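The values are calculated or read from the model by the stated rules, or taken from the named source; none is laboratory data. This one's a predicted model, so the numbers in the text were calculated from it and none came from an experiment. Here the Cβ is made from the backbone with ideal geometry for all residues, glycine too, and neighbour counts use every protein chain on show.
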Amino acid sequence: MDFNLSEEQLMLADTVQRFVEQEYEFEERKKLARTDRGYSELHWQTLSDIGLTGLLVPESFGGMGAGPQEALIVMEALGRGLVLEPLLSTAFVAVPLIARHGNKAQQQLLLPDIAQGRLRLAIASLEPEARFDLWQVATEARPQEGGRYLLQGRKTVVIQGDSAQQLIVSARTSGNSSDKDGITLFLVDAKAMGVTVKGFPNIDGHHSAEIFLNNVAVDGSAVLGEVGRGYEPLEWATDRGIAALCAEAVGTMAKLFDLTVEYLRTRKQFGQPIGRFQVLQHRATDMLVAVEQARSIALLAAARVDNPDPGSRRKAVSAAKSVVGRNGRFIGEQSIQLHGGMGMTDELAAGHYFKRLNCIDMTWGDSSHHQELYGDVM
């Protein structure tokens, strides 16, 4: 596999990097995180204008038609700035799901608006009793006359759910709550009668939501994909999101490493920069090794996330999520310790980067969960 970036990929990386450097000053980011919305509509429009909302949207629907490698480039750059805008669920999970499994009417209705930044979606798949298992679905979709359904249930920790206008909801149309068969995906208006969205901020400033579905009526056109066959598309799309998260984590780790090295160069003790002490140089070296290890495994996940062999995809994605989770925690702990007491303060950026790495680890399965999934495949 050729890991050298093409001219177009280099231009994409440079564009996103300039956005982060020019628009995402750390103090302004902290103010944004404290607002009710949790992000900037102006920044969202800027991301749309440079093509990121439509990055994976096919060209026939007004997008760029890019793939997982371009998603990795973008998310790594956004991770360096702790960007808050709700791009992940819409651009890197919902778009591939709709583009591959949606019908023509759904694609024509949704994808152009997503590409233009006019529509945001969230994936409502996890439930209170399920932990990280996508197949543990107790939410019911009861068939009604005329091909309609009534949705009843609750979804928890829906990433960026409070900013979404449309939800992709997994619900059970047949089978038991732990069966992988019998799960159907539905497109649901977030403001439909019976839908209650309770948003909340995470510790890293990003937002999630609890979503309650109380006899929400949808018609047959809301079914995304095949009835009863929604688990495999949902797992594939979620793996796309995990690969993007791993790339974001690499950018976050790399920036945290840079901040730590800069602190070691400028903080003086005993009349000299503390970076001259050999034991601290060794710890910084260990951090750099962890960053590069995470970058390598994230590249592997991006390369294999579309592999038609589910086992090969599962191994690559779960290996990446597990390594990124462990390495992110290691880098965060080292950075906080090397910053000393200052590392624990809200005023310093290091703690905010560590919080984001912890939240990435817990999203769609922590490192231990993905170790188990990897072991199951092996």
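Within the stretch 119-142, the residues that satisfy the criterion of being assigned to a loop (DSSP other than H, G, I, E, B) and of a type in the set (G, A, S) are S125, A130, A138. Take the conditions of a type in the set (S, T, Y) and modelled with pLDDT under 95 and apply them to T238. Does it pass? The answer is no for T238. Among the residues making up the stretch 78-118, those that are in contact (Cβ under 8 Å) with a residue 12 or more places away in the chain, part of a helix (DSSP H, G or I), closer than 23 Å to V227 by Cβ and not hydrophobic (A, V, I, L, M, F, W, C) are P96, R100, H101, Q106, Q107, Q108. Residues in the stretch 284-311 that are within 22 Å of D366 (Cβ to Cβ) and small (G, A, S) were compared, and the one that is surrounded by the fewest Cβ atoms within 10 Å (Cβ to Cβ) is G311. From the list T46, T35, T53, the one residue that fits, being hydroxyl-bearing (S, T, Y) and buried (at least 21 other Cβ atoms within 10 Å of the Cβ), is T53. Just so you know, in the stretch 340-378 the residues that are hydroxyl-bearing (S, T, Y) and outside any helix (DSSP H, G or I) include one that is surrounded by the most Cβ atoms within 10 Å (Cβ to Cβ), and it is T363. Just one residue in the set G325, G375, G365, G343 is in contact with an Asp or Glu (Cβ under 8 Å, 6 or more places away or on another chain) and over 20 Å from I73 (Cβ atoms); that residue is G325. Only residues that are in a helix (DSSP H, G or I) and either touching a residue at least 40 places away in the same chain (Cβ under 8 Å) or among the hydrophobic types (A, V, I, L, M, F, W, C) (or both) were counted across the stretch 262-289, and they come to 11.
Residue-by-condition table, conditions (1) loosely packed, with under 15 Cβ neighbours inside 10 Å; (2) in contact with a Cys (Cβ under 7 Å, 6 or more places away or on another chain); (3) assigned to a helix (DSSP H, G or I); (4) not assigned by TED's automatic domain parsing to the domain that holds K31:
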{"position": "G199", "(1), (2), (3), (4)": "no, no, no, yes"}
{"position": "D204", "(1), (2), (3), (4)": "no, yes, no, yes"}
{"position": "A209", "(1), (2), (3), (4)": "no, no, no, yes"}
{"position": "N214", "(1), (2), (3), (4)": "yes, no, no, yes"}
{"position": "A247", "(1), (2), (3), (4)": "no, no, yes, yes"}
{"position": "G251", "(1), (2), (3), (4)": "no, no, yes, yes"}
{"position": "F257", "(1), (2), (3), (4)": "no, no, yes, yes"}
{"position": "T260", "(1), (2), (3), (4)": "no, no, yes, yes"}
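In the stretch 235-250, the count of residues that are over 16 Å from the mean Cα position of the chain (by Cα) and under 30 Å from D306 (Cβ atoms) is zero. Considering the conditions (1) of a type in the set (D, E); (2) free of Cβ contacts under 8 Å to residues at least 12 places away in the same chain; (3) over 20 Å from L72 (Cα atoms), E292 is excluded by exactly one of them, (3).
Against the test of being in contact (Cβ under 8 Å) with a residue 40 or more places away in the chain and of a type in the set (K, R), the options R18, R29 yield a single qualifying residue, R29.
Restricting the stretch 12-54 to residues that are among the hydrophobic types (A, V, I, L, M, F, W, C) and outside any helix (DSSP H, G or I), the residue that is farthest from R120 (Cα to Cα) is I50.
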